[in-house]
1. Check the range B:112-121 and report whether any residue there is touching a Gly at 6+ places or on another chain (Cβ under 8 Å) and crowded, with 18+ Cβ neighbours inside 10 Å.
2. Would you be able to say whether some residue in the range A:263-280 is in contact (Cβ under 8 Å) with a residue 24 or more places away in the chain and under 15 Å from A:ILE86 (Cα atoms)?
3. Is it true that A:VAL319 is within 23 Å of the chain's Cα centre (by Cα), closer than 22 Å to A:ARG137 by Cβ, in contact (Cβ under 8 Å) with a residue 12 or more places away in the chain and not assigned by TED's automatic domain parsing to the domain that holds A:PHE136?
4. Among the residues that make up the range A:279-287, is at least one of them over 23 Å from A:PHE333 (Cα atoms) and either among the acidic types (Asp, Glu) or surrounded by 21 or more Cβ atoms within 10 Å (Cβ to Cβ) (or both)?
5. Exactly one of these conditions fails for B:PHE18: (1) at the interface with chain A (Cβ under 7 Å from one of its Cβ atoms); (2) more than 30 Å from A:GLN24 (Cα to Cα). Give me its number.
6. For a quick check of your reading of the model, give me the residue pairs whose first member lies in the range A:324-337 and is within 10 Å of A:PRO166 (Cα to Cα), whose second is at pLDDT 95 or above and among the acidic types (Asp, Glu), with beta-carbon atoms closer than 9 Å and at least 6 apart or on different chains.
7. Does A:GLN10 meet the test of being more than 7 Å from every other protein chain (Cβ to nearest Cβ), surrounded by fewer than 19 Cβ atoms within 10 Å (Cβ to Cβ) and under 22 Å from A:PRO106 (Cβ atoms)?
8. Can you tell me which condition A:THR23 does not meet? The list is (1) closer than 30 Å to A:ALA145 by Cβ; (2) at the interface with chain B (Cβ under 7 Å from one of its Cβ atoms); (3) in a helix (DSSP H, G or I), and all the others hold.
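The values are calculated or read from the model by the stated rules, or taken from the named source; none is laboratory data. Nothing here was measured: the structure is a model prediction, and the numbers come from that model. Reconstructed Cβ throughout: ideal geometry from the backbone, glycine too, with neighbour counts over all protein chains shown.
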Protein chains: 2
Amino acid sequence: MPPRYTNLVQSLPATVPFVGPETQERDRGAPFAARLGANESVFGPSPKVLEAMRTADAEIWKYGDSTSHDLRHALAAHYGVAPGNIVVGEGIDGLLGYLVRLVVEPGDRVVTSAGAYPTFNYHVVGHGGVLEMLPFREDREDLPALVARATEVGAKLVYLANPDNPMGSYWRGEEIAAALDGLGPDTLMVLDEAYAEFAPEDAMAPVEIEDDRVIRMRTFSKAYGMAGARVGYAMGAAEVIRAFEKIRNHFGMNRSAQVGALAALQDQDWLAQVLADVATARAEITRIAAANGLNALPSATNFVTVDCGGTGDLARAVVKALGARGVFVRMPFVAPEDRCIRISCGRAEDLAVLETELPGALAEARAAV
Amino acid sequence: MPPRYTNLVQSLPATVPFVGPETQERDRGAPFAARLGANESVFGPSPKVLEAMRTADAEIWKYGDSTSHDLRHALAAHYGVAPGNIVVGEGIDGLLGYLVRLVVEPGDRVVTSAGAYPTFNYHVVGHGGVLEMLPFREDREDLPALVARATEVGAKLVYLANPDNPMGSYWRGEEIAAALDGLGPDTLMVLDEAYAEFAPEDAMAPVEIEDDRVIRMRTFSKAYGMAGARVGYAMGAAEVIRAFEKIRNHFGMNRSAQVGALAALQDQDWLAQVLADVATARAEITRIAAANGLNALPSATNFVTVDCGGTGDLARAVVKALGARGVFVRMPFVAPEDRCIRISCGRAEDLAVLETELPGALAEARAAV
């Protein structure tokens, strides 16, 4: 007789937020030639990160530091906040899970955008929250509408990715800070800044660290090139950060990842080089898109969202045709954003594969729909 | 205004399961000379693991495989079960958290032993479960009483570590298999086999993999020397394992840790060497204890629990005095097991430090209580 799962668990579908590229590679029976679908940093981490992890690996028999002390203190110094304003966790994915668990009870409302980060939705549904999903507006998350709706329904959380994934757009930080004043007392804003390092300076919201209306999520997965290490952090009011101590997996961090993230933070020269490489790649993807008659949207991230000029069916066909040609990309989930495909920035050799394969993929897709 | 935490979260204390050695080192202002308190494998992982992780680190910019496909399939082959009988997770700690979340609703009963694994208790309390804790009996978890009590109260889970931590004792597998027949239909047995590799062969419960009355937890943290990598796995009926897909953090695994664990599994020669080293260390700790007039308990694990021959206060004073002398050990939490200290197996040089420091620590402790 199977276990008596909770009522909530019984109601959940056995879904995954999305299918990973390794699964797709196994399904197609061959590796991708260009891995440009998960907004990873093909440019990799700093060599100093690799060196630090290799050294740390010799101590992999030890559990990691349960408080991520050194990394947390270095982050605090980096941002000019207190160590108590930061909690390190197993990627933003893990931290979003903890945050949802802290505040969402079955039936609680949570507001986000239709087509925004599916793993956040997965956690909300997994804890019994009721999602309200508002449409994007002009290829941006609709900040005023999100705040208004969250306040109207007394949502526990309102999610805003800034810059946004999958459209690469952003709100100016001042606009976000002003919007907080419209939030009702029941609502905490989750400000997912996974792509913060790539964004213009004016995209960062000027909010006091002890402002408990918002919690910011950051990561070493994107600009620092450490997606596989699983190191993220949340920043916010000390009282909010302290709450994570009640439920987080205290010994959940990989020891070498902690050390590697610290080395990454300390190599800001590498970060600057990556940002320059990403800027070059954004221009290159835009050029390749234009050469194929497609319009690339402006991007404040390490990916470029390209309008395929047709329906979602066309874009889906393009993603499929590119995949069959060894180019892994993804695309927005819902209309009208799903007229686009989303291409992560890559090195010259990655984008050369894209340039070679895109015309054929487009032709095949247009013939198929 | 702080967020509206769930009622459950508001009721939780901001406790941690236990304090890590790094925190203790910062508090004392010096590193430990012998790290023998967390049942880590001082012998380290196979050199092939380090080599595999170093190679994998070059791809740390990629997210890990969300299905841990290669590791899961290798484990399945190793045990002669199907890949669908295994879920890989962020250490047993992470998997216990998922399991509790799958079955425990606020108010549900869970049965364990007083002084058994605190992180399991942390997860149960964190999900609103009501713990019933039964005493150890003759330095073993009281299997018949645990099963009887779980059945009596309709517990959702009953926890048994076999071999046991912190006493190092074990039940024969046949006894465990027979005990399952006494379990009520509401109860799933969590069989924590973190120390399985160190145990006599007859300690492994001969239960069919599709027997859904039990789920087994295993890890690369102990015998394989990879505690800092955070790789554990649960084995059980495919239907039970499948339930984890509804809630687990699908992209939560460190990529290099996945690769390293696979290399660890493939180097059974290294494992055999570690088991031999552990056996040597157990004998050596027993000898050192006897030389100090102390009785070492038999151990089926990579640690030896040593009876200090007095009260819990005495043992706590010994742990403290050893710590002040640079020897990190831990001890059972509750009486009468807390008459003991728990010493992890170490290399000759680690145990030499123990041998040097134990007499002074004992004298100091005896003078203090």
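1. No; the residues of the range B:112-121 include none that is touching a Gly at 6+ places or on another chain (Cβ under 8 Å) and crowded, with 18+ Cβ neighbours inside 10 Å.
2. Yes: the range A:263-280 contains one or more residues that are in contact (Cβ under 8 Å) with a residue 24 or more places away in the chain and under 15 Å from A:ILE86 (Cα atoms).
3. Considered against the rule, which asks whether it is within 23 Å of the chain's Cα centre (by Cα), closer than 22 Å to A:ARG137 by Cβ, in contact (Cβ under 8 Å) with a residue 12 or more places away in the chain and not assigned by TED's automatic domain parsing to the domain that holds A:PHE136, A:VAL319 comes out as no.
4. yes
5. Every condition holds for B:PHE18 apart from (1).
6. These pairs meet every condition: A:MET331/A:GLU337; A:MET331/A:ASP338; A:PRO332/A:ASP338; A:GLU337/A:ASP139.
7. yes
8. (1)
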